[in-house]
Structures are given as structure tokens and as C-alpha cells.
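See structure below.
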Amino acid sequence: MIRKCAPALAALLLASGCGGGSSHDPSSAEESPSADVSVSASDPASGTPDVGGSSSDPAPTTQEPVEETPTEESATSDAPDSWSGSDATDDDQPAEDGSQDCGSLAGSGTFTDPLQLGVVDGLVTARDCAPLTSGSPFNVRYFSFTLSGTPGTNAHAGASFTLTQDALGPVYPAIVQPNGWVLKHSLGSGYWTGTEPDFTGRYQEISDLAPGTYILRTEKLDSPLHSLSTPSYDVVVDADGS
């Protein structure tokens, strides 16, 4: 028998079971997680805009490392750099000689958020920067510095490192303007210190730079995805070159 309900009893539908319907169960709907999509910025080709320690003057050498098979400069990503320095502490502050721990620098190490070396009017060193390894963004790291005056004759900027059996990849520096224009390419200029296979650093001459802000790009160039790693390294900017 089909039971009919009078309009006057509409208020009692739920109680009498008439006009049965379904109700929404909030617990049955699960919110799907949103994908975390990161956009990588790539360095343009050579000659186009790049979107992305010792107190004595290093003695240059023209030898190139046998281990390296440089390719076109690698693409970069603006993903944060997670390295904090192996011996960084809360009270790490710039020393009297301008030396500080790399992990204490402001910035994440990307092109849009470079690690800040600050104003340089002498020698500034960032110690113990993380090795550059396989994959973006770990094969490149950026540092920003400002020249307060005209650099000295032997002024230079680059990386000091000690190669080991487990870290055979040298660190290559390049000088880039904040607008992305590459002034000094990693392979087109620069010089080594030490002798092959015991290179101790690679540097760019900056005596010809005008006062202003620049970006020092440090990278491994054998291949962005190659397993070869660099050692940890010190970033050196010497505006005096004395």
C-alpha cells in the first residue's frame, strides 16, 4: 500500500517517513590536495641575459681540468637552497676580515633571491658553501655583492675549494648584472689557481667593473645531471686585490 501524506502534514514528513530523500554527509567528501607546481627559470644561451678564500691575490694558470666536459650553461630553478652550512651557528657574524659562514647569509641562493654578501670595499669571504651536485637547482648558486668604489688592479671574485676523490668537480664562477646580462662567462673568461689535478680555486677578474651591484654565479659545468659533485667551497670577493 502506498501511503499518501496531506499538505497540512508537511511538517511531519521526516517523522512519518513520507517524502524520503537523501542528506549530504560532510564526512564523505574529501578535499583533494593541490599539486605543488614550481616554475623554473632557465639561463639563456651564452651572450644573452641570465635569468636566473685567500687574502692574497691568486696566481692564475691556464690549465683546464681533464675531468670536466663542459656543456651549455645549465638551466636554473628558483627553488630555495636548503643548505645551512655544516658549522653555522646563531651567533655567526661577519668577522673583522669580512669572513662569515655561508649558511648565515640572507637569501636562498636563487637568481631572484641571491645570497647577500653586502657592500664590498675590501676582502669578503663566505665560508663552507654547500657542494654543487646533480640536478637543478643544486648545480648552481647565486651571490649578490655591491662594489662601493672602483676596484683595485688585482680585484677578483670566485671560489676557493679543495678537490677530493669524492668531489672532483671544480666550481666555476660567472659575473652577472642584476638585469640578467652575463658580463663574464664561466668558460669564456676566468683563471685557475693551483695546478691540475690539484686545482684550488677559480676566479674572475673584476678590476674593470664600475661601482655598483653584481651577481656572482657559482656552478658545476660537467653536466647538470651528471653524478660528479663539487666539494664544499668558499666564495671570495676581493675588491682591493692586495
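If the Kirkwood radius is taken over C-alpha pairs of region 89-203, then at 37 °C and 0.692 mPa s the Stokes-Einstein diffusion coefficient equals 213 µm²/s. From most to least packed by mean Cβ count within 10 Å, the peptides 182-191, 117-126 give 117-126, 182-191. Taking amide H positions as modeled 1.01 Å from N, with prolines and chain starts lacking one, the residues under 5 Å from Asp101 and 5 or more places away or on another chain are Arg127. Counting only protein heavy atoms and a probe of 1.4 Å, the accessible surface of region 127-230 is 52% carbon and sulfur.
Once the chain from Leu187 to Asn154 is taken as fully extended at 0.36 nm per residue, the excess over their C-alpha distance is 9.9 nm. When each of the peptides 162-168, 128-134 is scored by how many other beta carbons lie within 10 Å of its residues on average, the order from highest to lowest is 128-134, 162-168.
The values are calculated or read from the model by the stated rules, or taken from the named source; none is laboratory data. From a predicted model like this one, the values you see are computed outputs, not experimental measurements. All Cβ positions, glycine included, derive from the backbone under ideal geometry; neighbour counts span all protein chains shown. For accessibility, only protein heavy atoms count, side chains too; no ligands or nucleic acids. Shrake-Rupley method; radii C 1.70, N 1.55, O 1.52, S 1.80 Å.
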